[in-house]
Amino acid sequence: MFNRIKKKLAYFIIRRKYLKKTDPICFNKIISNSKDILIILPKEDKDFYHSLIFIKYYLIHKKRITLFLPAHKYNLIPEKEKYRYISFLPPQVTRLFLPDKSLIELLKEKNYDVLLDLNRSDDIFYYAVVSIIDAKLKVGYLKDNSETYYNLIFTNHTYEPEVSYRNLLNLLQMF
């Protein structure tokens, strides 16, 4: 019962404090013309490995990639020196499942052309991160509250992470 109340309060805080109204976007070549991409890697271990195709793809296309991930997953990234990182520790997640002040200040400093949230399930913490970061295009999977946080939403028709991430990458290649 308390978790449900805390989650509702967290959603209210995100909408009230961090969510910004966005202007209409022209999707024509928005990703191919972008330079800076933030990729929020999934928290689920089974999804994490399959999501690495995005960093490989955008590295080949000479994009500046910043990865947002938990600190304990940093060592799982191949060729670490080619990417920038924003990592967080478990104490940086508050009791309301929101980022703490130091992480919020760090995220507010950043500005990206594209933000890709690769989490396929609802998570208040990642919704807050998406809301705080300034990006022209925010891409994510269809979830319960995703219409509020993303400009481009991908509907996931499969539970298999490899197929889901390949389909999303194929979709993003059109932009």
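The values are calculated or read from the model by the stated rules, or taken from the named source; none is laboratory data. All figures in this text were calculated on a predicted structure; none of them were measured in a lab. Methodologically, a virtual Cβ is constructed for each residue, glycine included, from the backbone with ideal geometry; neighbour enumeration extends over all protein chains shown. These area figures cover heavy atoms from the full protein model, side chains too; ligands, DNA and RNA do not enter into them. Shrake-Rupley method; radii C 1.70, N 1.55, O 1.52, S 1.80 Å.
What's the magnitude of the charge dipole for segment 63-131 around its Cα centre, counting Lys and Arg as +1 and Asp and Glu as -1 at the beta-carbon? Answer in Debye, nearest 20.
160 debye
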Expressed as a whole-number percentage, the relative contact order of the chain with C-alpha contacts under 8 angstrom and at least six residues apart is 25 percent
Over the C-alpha atoms of segment 90-175, what are the Rg and the largest Cα-to-Cα span, Dmax, in Å? 13.7, 40
Over all directions, what mean area does the Cα convex hull of segment 36-139 project, stated in square nanometres? 6.3 nm²
Just in segment 102-171: which GluC sites (Glu not before Pro) are loop by DSSP and have at most 12 other Cβ atoms within 10 Å? Glu109
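Counting Lys and Arg as +1 and Asp and Glu as -1, each charge on the Cβ, what is the dipole of the chain about the Cα centre in debye, to the nearest 20? Don't skip to the end; give the middle numbers.
Details: 30 positive and 19 negative charges, 94 e Å.
In total the dipole reaches around 460 debye.
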What accessible area, in Å² to the nearest ten, does a 1.4 Å probe give for Lys17? 140 Å²
Run the numbers on segment 48-89 and let me know its relative contact order in percent, using alpha-carbon pairs under 8 Å that are six or more apart. 40 percent
Quick one: Karplus J couplings for segment 76-87, per residue in order, coefficients 6.51, -1.76, 1.60, θ = phi - 60°, nearest Hz, x for Gly and Pro? 7, 8, x, 6, 4, 5, 8, 10, 9, 9, 10, 10
Considering amide H positions built from the backbone, and no H for Pro or chain starts, which residues 5 or more places from Tyr141, or on another chain, come under 5 Å of its amide H? Phe154
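What translational diffusion coefficient, in µm²/s and rounded to a whole number, does the Stokes-Einstein relation yield for segment 12-55 at 10 °C and a viscosity of 1.306 mPa s, taking the hydrodynamic radius as the Kirkwood radius over Cα pairs? Could the numbers behind the result be given before it?
Numbers: Rh = 13.8 Å.
Answer, rounded: 115 µm²/s.
Over its Cα atoms, what ratio of radius of gyration to 2.2 N^0.38 Å does the chain give? Write down the numbers at each step before the final one.
Working: Rg = 15.5 Å, N = 175, 2.2 N^0.38 = 15.7 Å.
That works out to 0.99 for the chain.
Segment 100-160: which chymotrypsin sites (Phe, Trp or Tyr not before Pro) are DSSP loop and have at most 15 other beta-carbon atoms within 10 angstrom?
Details: sites: Tyr112, Phe125, Tyr126, Tyr127, Tyr141, Tyr149, Tyr150, Phe154, Tyr159; in loops: Tyr150, Tyr159.
Listed in order of number, the matching sites are Tyr159.
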